[in-house]
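Participant: I'd like to ask you about the structure that follows.
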Amino acid sequence: MVDFNKRAFCHFTLKDILSIISSVAIPIALAIYTTIGSQQQKQQAEKKQKFDFEQSRELRQRALYDEFLNNIYKLDKDGYLNDTKNPWAFANAYYRAAHRQWDTIRKGDVLQFLKEQQLIGRNNCTNGCKTTNVDDIIRLNELSFDKVHLTSETGILNKLNLQCVSFDQVSMSNAVFSSVSLNGVSFDGGRLNSVKFDGSSFRCASFNGVNLSGADFGNSDLTGAHFSNSDLSGAKITEDQINQASFENVIMPNGEKSEIKSSTITKKPMTQTTTKISRTTSSLSSSTTSITTPSTTTTSSIASLTTSTTTTTASSATSSTTSSSSTTTTADHPWICSNMTVLLGKDTTDNDLICKQPTTFAECCTFCLLTSGCLGFVWGWPNHTQSHSQSACFLKNAFVNPSNSVQLTYAYF
């Protein structure tokens, strides 16, 4: 039998060594256990604090949203949202104050609410292009919608309707649009870098002076969209989408600047045109039409009408002479389109066939003559500006008595 009291190691018996180890190990173990337990308690406290903060923030956001809806209802009830209160300064001031406190979820929800209540996007865009000129009650310009998500609840089955909304000068960096109808929308002067468009439509949408670097257009429809003075560097856009839209002074995804390109009608040099029209009294008589170009001459028969047209180079001035019922039109009146009647300062909002923008009067005339069923058109600046990017051409399929509108011109057969 070993005597532990007599066995020594470095002047310590084995019993002494075991006693020392046990006396040190127990406090160390307790310290480790206490540290781990304290760390776990701290993590649990942080999680609870974060949860409480998120709950508090969610409750505050919900309260702000509900309060906004209640106050909008009161404003509408008291008549502050009807056309007599234009420019609706109080309603806009209240909306902007609330907007700055909302998170991205509420910002997206409120956008949909404003559209559904016809407080934004009030113009008619049934066919994709704007056919009326009505001011929005709530203005979105210069507000931030960064990282906002706007998505249709039914996907491609029924797109989220944001047609004709004016997003001018707004910030939408890293925003997501999924299955959204953006026909007739204006993003002019906005910041849309790294934005993602998926399954959305942009018929007649305007992108003038927009930062679209890194944007992703996914499988969206860009038919009739117009891009001018914008940056598309690094953007994801297919060749088919490029062919659908028109581009003017745009930095393309490859870093090169675009040439002027239209999706429907290519701009041609201005030409000098001399037109002579005479009518005969006999409905059974026939006449000859001669059209002369630098290399082509075409002759055809037309009842009761004689037209002679001569086209020269773009550098010549434009002059026109028309003879019909003793009426003569000179170069001082350039508003001529075939044998249409032209009414300056007139507009009609009915019987729209299709819309194209931007365009000139001459291009609008050509557009009508080449479109089946076009019986006239309205051309001009529906937004009361003289900017080319804001000009529009509305083709008509029937004649309607026009109304006065200084910025527009009405032509019809």
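Participant: Identify all residues within the stretch 99-123 that are surrounded by fewer than 15 Cβ atoms within 10 Å (Cβ to Cβ) and among the aliphatic types (A, V, I, L, M); write none if there are none.
Facilitator: Scanning the stretch 99-123 gives a single hit, I105.
Participant: Identify, by number, the condition in (1) outside any helix (DSSP H, G or I); (2) under 30 Å from C204 (Cα atoms); (3) at pLDDT 90 or above that I105 doesn't meet.
Facilitator: (1)
Per-residue answers, yes or no, for (1) over 15 Å from the mean Cα position of the chain (by Cα); (2) surrounded by fewer than 22 Cβ atoms within 10 Å (Cβ to Cβ):
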residue: C125; (1), (2): no, no
residue: K130; (1), (2): no, no
residue: D135; (1), (2): yes, yes
residue: N141; (1), (2): no, yes
residue: L157; (1), (2): yes, yes
residue: N161; (1), (2): no, yes
residue: Q169; (1), (2): no, yes
residue: F177; (1), (2): no, no
residue: V180; (1), (2): no, no
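Participant: Quick one: F217 ticks every box in (1) touching a helix residue (DSSP H, G or I) at 6+ places or on another chain (Cβ under 8 Å); (2) modelled with pLDDT under 95 except a single one, so which number is it?
Facilitator: Result: F217 passes all but (2).
Participant: Let me ask another. Taking the residues in the stretch 192-220 that are assigned to a strand (DSSP E or B) and under 12 Å from the mean Cα position of the chain (by Cα) as candidates, determine which candidate is nearest to Q357 (Cα to Cα).
Facilitator: Restricting to residues being assigned to a strand (DSSP E or B) and under 12 Å from the mean Cα position of the chain (by Cα), the top hit is S206.
Participant: On the given criteria, is K15 farther than 30 Å from T104 by Cα, of a type in the set (K, R), part of a helix (DSSP H, G or I) and within 56 Å of the chain's Cα centre (by Cα)?
Facilitator: no
Participant: Would you point out which residue out of S285, S206 is crowded, with 21+ Cβ neighbours inside 10 Å and either of a type outside the set (S, T, N, Q) or at pLDDT below 95 (or both)?
Facilitator: S206
Participant: All but one of (1) assigned to a loop (DSSP other than H, G, I, E, B); (2) closer than 23 Å to E256 by Cα hold for C164; which doesn't?
Facilitator: Going through (1) assigned to a loop (DSSP other than H, G, I, E, B); (2) closer than 23 Å to E256 by Cα one by one, C164 breaks only (2).
To keep it simple, each residue is scored yes or no on (1) farther than 27 Å from V185 by Cβ; (2) modelled with pLDDT of 85 or more; (3) outside any strand (DSSP E or B).
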{"position": "A314", "(1), (2), (3)": "yes, no, yes"}
{"position": "T322", "(1), (2), (3)": "yes, no, yes"}
{"position": "D332", "(1), (2), (3)": "yes, no, yes"}
{"position": "W335", "(1), (2), (3)": "yes, no, yes"}
{"position": "N339", "(1), (2), (3)": "yes, no, yes"}
{"position": "F367", "(1), (2), (3)": "no, yes, yes"}
{"position": "V378", "(1), (2), (3)": "no, yes, no"}
{"position": "Q386", "(1), (2), (3)": "no, no, yes"}
{"position": "Y410", "(1), (2), (3)": "no, yes, no"}
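Participant: Keeping to the stretch 214-231, report how many residues are crowded, with 18+ Cβ neighbours inside 10 Å and either among the acidic types (D, E) or in contact with a strand residue (DSSP E or B) (Cβ under 6 Å, 6 or more places away or on another chain) (or both).
Facilitator: 8
The values are calculated or read from the model by the stated rules, or taken from the named source; none is laboratory data. A quick note: this is a predicted structure, and the numbers were derived from the prediction, not measured. Heads up, the Cβs are rebuilt from the backbone with ideal geometry, glycines too, and the neighbour counts pull from every protein chain shown.
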